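Reviewing the structure listed below.
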Amino acid sequence: MGPRGQSLARIGLLCVLFTIFCAMFKDWTSMRASERIYVEIFENTSKTEGKGMVLGTGGVKFLPAKSMDPREVMKKDLPDTWPFLWKCPGNPYAIPGPEDLASTRSTCLEIYEGALGFMFLNRRYPEEIVSYVENYKAGSTSIVETILRNRCPNIQLKHLRPYGMVNCVIPIRRGYQNITQEYNLTKVKAFTIVRHPVKKFISGYGTAMIHFNIAGRRIRPPYLATLCKVEEPKRFVEFVNLFVEKGLDIVNPYLKNGKLLNFWKSFEAAGFMHMFSQTWFMSLYPGPIEYIGRVESIEEDMQYLLQQHLHLNTTGEFLWKNSEESESKRNENNTIFQPPWKRSRYLTSDDPDVRGAIDKLNRYFRVELRAFGYDPL
């Protein structure tokens, strides 16, 4: 075979290899994201007990230390192919959460006229801006109310003269819309508080049932109205199965112009949001997050944040606490759907279906468990 023939043979071989590669890539991209994430992440952790997962020490550092952004830590446990399969335009810090990967979506989900997240500054230190990256069911109400306890009074004539000497907080922003056009977020001190992801989901499920009860007979998708009428614990098990299987597709009925209706537009959509992962909430924020606290140490963490970053003098028991009685009363007034169990009951139940649902959540939130150093339940 002459040089020309050898060249043609090489070109032919390359064409064959390229055709095989394209066919394999087509098969790969045709898989649902949930199947891909299962193959790449859950393949070695599929024991039904949820006890066989090997956890590292967690890559996130907690307060008072400064941490690498949790999303950067969690990237290491995601498939190498995710940047080609999922995008979040305008937010280079975002990564897909488990609900993104379990859905058919290829882009991040925005909130319609969203109001998540707060920015504060101390009146005496206007150049030091603190951003709270809100995370439902991880003390978010307590955090905001605790900070606002130190809110500056309304500016009146009698306050003007001594005002510069007063240590007090001014809320300067709510929500992330167009935030990067107004602030250089690399100079903002952003923090969030995290929680064991399975406990957070169970707590969010209880809150979601309150929201669905408020919506009552107006619940939009027929399947949701039917599911809400199922008795515990079967309803919890079916909710877990539905959530893990569909991911963000579960909120498709609550989209407007491709964006999720917010708390004030749809109580049902807000109910589902309480069960979303911490990754999803963090990835709404288009800047770095370097200060991470935990619900288990929220008193100490909030004290540190208020003293060191908002320059407030706080001592003793200062944390605003959400009333558990109000939630229990709302459950007692639940006249349409059966109230959910107490959170601890799901975790201690001997029911094999409930145990299986908890194990499924352990696998579903595996990336967060590793990053935050939590053990499976």
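The values are calculated or read from the model by the stated rules, or taken from the named source; none is laboratory data. Please read these numbers as outputs of a predicted model, since none were measured by experiment. All Cβ positions, even for glycine, are placed from backbone atoms using ideal geometry, and neighbour counts span all protein chains on display. With ligands, DNA and RNA removed, areas are computed over all heavy atoms of the protein, side chains included. Shrake-Rupley method; radii C 1.70, N 1.55, O 1.52, S 1.80 Å.
Here is how the numbers come out for the structure above:
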| item | result |
| --- | --- |
| Listing of helices (runs of 4 or more DSSP H) fully contained in the stretch 147-220 that carry 3 or more residues being at pLDDT 95 or above | 197-215 |
| Of all residues making up the stretch 356-377, the number that are over 15 Å from residue 245 (Cβ atoms), of a type outside the set (D, E, K, R) and part of a helix (DSSP H, G or I) | 6 |
| The lone exception for residue 124 - which of (1) in contact with a His (Cβ under 9 Å, 6 or more places away or on another chain); (2) more than 30 Å from residue 208 (Cα to Cα); (3) at pLDDT 90 or above it fails | (3) |
| Hey, residue 103 open to solvent by less than 20 Å² (accessible area, probe 1.4 Å) and out of contact with any strand residue (DSSP E or B) (no Cβ under 6 Å at 6 or more places or on another chain) or not | yes |
| Single condition residue 91 does not satisfy, out of (1) modelled with pLDDT of 90 or more; (2) open to solvent by 20 Å² or more (accessible area, probe 1.4 Å) | (2) |
| Residues that are of a type in the set (S, T, N, Q) and at negative phi, drawn from the stretch 249-297 | 252, 262, 266, 277, 278, 279, 283, 297 |
| Subset of the stretch 267-285 [of a type outside the set (A, V, I, L, M, F, W, C), within 13 Å of residue 204 (Cβ to Cβ) and open to solvent by less than 10 Å² (accessible area, probe 1.4 Å)] | 271, 277, 278 |
| Residues of the stretch 246-256 classified as touching a residue at least 40 places away in the same chain (Cβ under 8 Å), surrounded by fewer than 19 Cβ atoms within 10 Å (Cβ to Cβ) and within 18 Å of residue 228 (Cβ to Cβ), total | 1 |
| Index of the failed condition, residue 227 passing every other in (1) crowded, with 19+ Cβ neighbours inside 10 Å; (2) more than 14 Å from the chain's Cα centre (by Cα) | (1) |
| Boolean, residue 264 is open to solvent by less than 70 Å² (accessible area, probe 1.4 Å) and modelled with pLDDT under 95 | no |
| Subset of the stretch 55-65 [more than 17 Å from the chain's Cα centre (by Cα) and either part of a strand (DSSP E or B) or closer than 29 Å to residue 307 by Cα (or both)] | 57, 58, 59, 61, 62, 63, 64, 65 |
| Which numbered condition residue 49 misses (of (1) part of a loop (DSSP other than H, G, I, E, B); (2) open to solvent by 50 Å² or more (accessible area, probe 1.4 Å); (3) at pLDDT 60 or above) | (3) |
| Answer residue from the stretch 66-76, given it is open to solvent by less than 40 Å² (accessible area, probe 1.4 Å) and in a loop (DSSP other than H, G, I, E, B) and is modelled with the highest pLDDT among those | 69 |
| Residue match in the stretch 233-249 (condition: touching a helix residue (DSSP H, G or I) at 6+ places or on another chain (Cβ under 9 Å) and not in a helix (DSSP H, G or I)) | yes |
